[in-house]
Structures are given as structure tokens and as C-alpha cells.
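To start, the structure under review is shown below, and the notes come after it.
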Amino acid sequence: MKRTKINDLLKSEDYGKKVNVKGWVRTKRSSKNIAFITLNDGSCLNNIQIVVDLNNFDEKVLDKINTGAAISVDGELIESQGAGQKVELTTKTIEVLGEADPDKYPLQPKKHSLEFLREKAHLRFRTNTFGAITRVRHVMIFAIHKFFNDRGFYNIHTPIITGSDAEGAGEMFRVSILDAKNPPLTEDGKVDFKKDFFGKETNLTVSGQLEAELAALALTQVYTFGPTFRAENSNTSRHLSEFWMIEPEVAFADINDDMDLAEDMLKYLVKYALDNCAEDLVFLSKRLIDEEKNKKQEERSMELIEKLKFVLENEFERITYTEAINILKNSKPNKKKKFQFTIDNWGIDLQSEHERYLVEKHYKKPVMITDYPKEIKAFYMKQNDDGKTVRALDVLFPQIGEIIGGSQREEEYDKLYKRIKELNIPEKTLWWYLETRQFGTVPHSGFGLGFERLMLFITGMGNIRDVIPFPRFPQNAEF
Ligand code: 4AD
Ligand code: MG
């Protein structure tokens, strides 16, 4: 018999129909004549209940049906007698496909801590929480492509191995085949990368932006959605060493167009999740309430679905960096020295505590900040006439802080060239980028949305290591 997905069965009313399901056992309860098995195949959050008639049922088979085991069930769909589900399956025929020794299987039918599950990332997909996150993640990936496709953007694949540092922060993972113990050296004793695989120094990319810009200056609206890698030693709940980024790039667009696109996109994605992930979001909402029940009322986050709707219903606040600094300088926590980093001078970078204050306490809605000091932003950003600021854009969200970073790009050759020189960026790694400013250059803008930061927001999870299947962070590349 062909397998039917549990998701389809749970919606079906074909009582009496003979069907086959396959999946992994969550629980088993048995008495003398009857056993109840709950089975999950990942097609949805809910399990199907299997009612086993134990008359003439092989006891050895029953013994093998334990939590974690994979089974195949031929049965009949019936209207459920019990509360909580509409249908269940009655059966006398179960085949055990893969056993799971109950003394060794790590996932018991009880709540496990997220820390414990991180150590069991190879099995955590089998929990309700990670099943839900994985499905929502898929739906969001699909929604991102749909958003851009519907608006006439072209997806481009930007390189993963690069010879340039897009953000200029020097936080890159080297890609090399040179012998680490005994590398070839140049005459002046440096590692001779001419002898390396690509004939030069190469790294894993930190961003696909620079190459996306090249495509935008021909196809007008493009986006890249790929893995990016950062060798920064940040052990926080919002940083990964390997994460996915969505980077649209649009020609003939300025910073205001960029902000419009960012707000449209975030609202579209939140709405798409609400419309298409209802069951998983309700589960994740309950999970969050449960997790926070020991917190003080004022420290608890907003109910998940309410929080998602809240983003849809409010226009994002648009302010400049200078305005943000003034608000923060005069804020209560700053005056009472409650911030870890006190705000005293114009020019300092905002920390996540400041970003969250602006969003959660001051405006109580998402905030877009533009026009940052040029010293704290990347070389490619459009320089303002004041000589001090650049047309940068950061979008800040509750609980997350920065979810998007972007800018209008410097399209004037002379200004870009001067900035690259000022920052001592090797020109030979960017000659092609500079050349686009000599041939048909136009104003253009873009941004990067950190996919896992989006996932944190949508799922209400507290740690970024739980919204990507196999997180990479300092001292961890397991699985
Ligand atoms: O602000 P960032 O560094 O901007 C860029 O890389 C630009 N090239 C984007 C562009 O304009 N095309 O990174 C963009 C976003 C951040 O706002 C954040 O959401 C996410 O990427 N991000 C990270 N997410 C997880 N772990 C990290 N270590 C991250 N660093 C940045
Ligand atoms: Mg940034």
C-alpha cells in the first residue's frame, strides 16, 4: 500500500478507508487487549493515534514498538472515540522498520531542555519544537523566493569562495590547500599564496552584496540568498559563524526606496507565516509562555502571535542615528548608568541593549535608523554631504535588535576610490567593483536580512542556535 502522510490523514474524513502510514513512535501505552501508539512523520505537528488490537498480536513485535522506533502501519481510518483528535487508525498489522533501544534512545516522551537537545542535534528534529521550527523555516524560505519572484526580482547565486572582504571587517575563514605546518614562503618570509589553489588568498564570503551589485547594475532588481560566514568570536544568542542572508539589490533606488522594500518584505514574511504556519505558531506560542512562566511579568515577552500581528499593524519608525543618540543620551537607563555601555558621545556604535531600548521601551515598534557615522560602517556606503555620515540603514526589531543591515551604495567613482584608499583596502581585490562606477553607474541600494534573526522573531525562540539545524559557533562544528 502507498504511504499516506499523517497530515493528510488527520484532515481526512474517509472513515473505513484502508491506509498505510509510516513514522516514528512518540509514545506507546498498552493494556491486555489494546495498545495505543502515537506516531509522527514530520508532515505536521500532530501525531496520529494508532489503536492496536492485541488479540493474536505478536508480543515480540509489540515489545519492539518503543519511543523512537520507526514503524509501518496498515490500518483502517476511523472516527476517534477520544477527545483531541478527529480520526485514528485501527490495526492488527505493524511492521517495525527500525528499532530504538529504550535504554539508549536519548529522547524520552518528556520535556528536554534546549541545551540538552543542542547536544543531540542529530535527533532533535524528532521533537515537537524542532519539527515546528524546521517546517516554519521551510515556509519562510519559500516565502522569500515568492516575495521577490512576484515583484520581478531575479535570484542570483553569488560566490561562496571569494578574494575580497565585502564588509571590510577582516572576520573571514581562509580557504586554502596549503600545508598548514609547512607553507611555501615568499622571499620576505610571508606565506606565498600564489602557490595556493586559486593563486591568491581566498576566504569564505561574509556577504554576497558586492557581486549582487554587479548584477543589479544590469538586471535592475536582483537578490541573493546564500550562506555567509563570519569568523568573529561572538558567543551570543544572536550570532552564528555560518548563517544565511537574503540580500536584495536594486538599481535606481535610494535609501527611502530601500526602507520601503525592507518594511514591505518583513511585513510580507510575517503575514505569510501567520497565514501558512498557524498550527506550528500556536504550538511555539504555548512553548514560549511555558518557558517564561517563571519570569516576572514585566520581563516576559509579548505573546508570539500577538507580537507578529503587532509588526503588521504598525508603521516602522524612521529616525536618523543622530536622533537615536539624542534619545538614548537622555534616556533613564543611560542617566542611571543602567546600560552596560553608556551613551555619551556622538559617533559610538549602538549595542543591542540600546537598539532594544529604542524598539521595546521608547517607540514600542520596529525602528529603522539611517545616516550613521561613516567610521562605524562599511566602505561602500553612500557618503552624505555633511562629510560625517553615510546612508546606512539598520532595521531593529523587538527582542532581536538588528535584523537588517543595508545602505544606499556609493555610486560615484571618486568618492568610493578615496574611501577605499583611506581604509587601506587592497585595490586589487576590488578593481571589478570599482569599474562598475566607471561604466553606467547609477544610484542603487540594498540590504541584508539575517535569515536566522528573522527565524528567531517568527518562532519566538531565544537562541539563534535553535533556529538553524546545525549551528556553527566558536568551538563548535559538530554534526
Ligand atoms: O549588517 P550586515 O553585516 O550587512 C551586510 O553584510 C551587508 N553586506 C548586507 C547588504 O547590504 N547586502 O549583516 C546583515 C544582517 C544583519 O542585520 C543580521 O541580521 C545578520 O545579517 N547577521 C548575522 N546573523 C547571524 N549571525 C551573525 N554573526 C550575523 N551577522 C550579521
Ligand atoms: Mg550590520
Spans of helices (runs of 4 or more DSSP H) in segment 281-340 with at least 2 residues polar (S, T, N, Q): 321-329
Restricted to segment 214-227, and to residues that are out of contact with any Gly (no Cβ under 7 Å at 6 or more places or on another chain) and closer than 18 Å to E167 by Cα, which residue is farthest from ligand 1 (Cβ to nearest atom)? L214
Go through segment 86-100 and give me each residue that's assigned to a loop (DSSP other than H, G, I, E, B) and open to solvent by 70 Å² or more (accessible area, probe 1.4 Å). K86, E99
Residue satisfying condition, being at pLDDT 95 or above and away from ligand 1 (no atom under 16 Å from the Cβ), within set K388, K382: K388
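Yes or no, residue by residue, for (1) touching a residue at least 12 places away in the same chain (Cβ under 8 Å); (2) surrounded by 17 or more Cβ atoms within 10 Å (Cβ to Cβ); (3) assigned by TED's automatic domain parsing to the domain that holds L240; (4) on the phi < 0 side of the Ramachandran plot:
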| residue | (1), (2), (3), (4) |
| --- | --- |
| V395 | yes, yes, yes, yes |
| I400 | yes, yes, yes, yes |
| Q408 | yes, yes, yes, yes |
| Y417 | yes, no, yes, yes |
| N424 | no, no, yes, no |
| W432 | yes, no, yes, yes |
Yes/no for R391 being within 16 Å of ligand 2 (Cβ to nearest atom), open to solvent by 50 Å² or more (accessible area, probe 1.4 Å) and closer than 19 Å to S207 by Cβ: yes
Hey, E167 assigned to a helix (DSSP H, G or I), under 29 Å from P471 (Cα atoms) and either open to solvent by 20 Å² or more (accessible area, probe 1.4 Å) or not aromatic (F, W, Y) (or both) or not: no
Output the qualifying pairs, or none if there are none: Cβ atoms under 8 angstrom, residues six or more apart or on different chains, first residue in segment 69-89 and on the phi > 0 side of the Ramachandran plot and modelled with pLDDT of 90 or more, second residue β-branched (V, I, T) and open to solvent by less than 10 Å² (accessible area, probe 1.4 Å). none
Can you go through G460, G446 and tell me which one is under 29 Å from the mean Cα position of the chain (by Cα) and either within 16 Å of ligand 2 (Cβ to nearest atom) or surrounded by fewer than 19 Cβ atoms within 10 Å (Cβ to Cβ) (or both)? G446
Within segment 372-479, which helices (runs of 4 or more DSSP H) (wholly inside it) include 3 or more residues that are among the aliphatic types (A, V, I, L, M)? 451-459
Restricting to segment 219-257, count the residues that are in contact with a Ser or Thr (Cβ under 7 Å, 6 or more places away or on another chain) and among the polar types (S, T, N, Q). 2
Please verify whether segment 173-186 includes one or more residues that are closer than 20 Å to G406 by Cα, within 13 Å of ligand 1 (Cβ to nearest atom) and part of a loop (DSSP other than H, G, I, E, B). no
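The values are calculated or read from the model by the stated rules, or taken from the named source; none is laboratory data. Not measured: the values here are computed from a predicted model. Cβ: placed from backbone, ideal geometry, glycine included. Neighbour counts: every protein chain shown. Note: areas computed on protein heavy atoms with side chains; ligands, DNA, RNA excluded. Shrake-Rupley method; radii C 1.70, N 1.55, O 1.52, S 1.80 Å.
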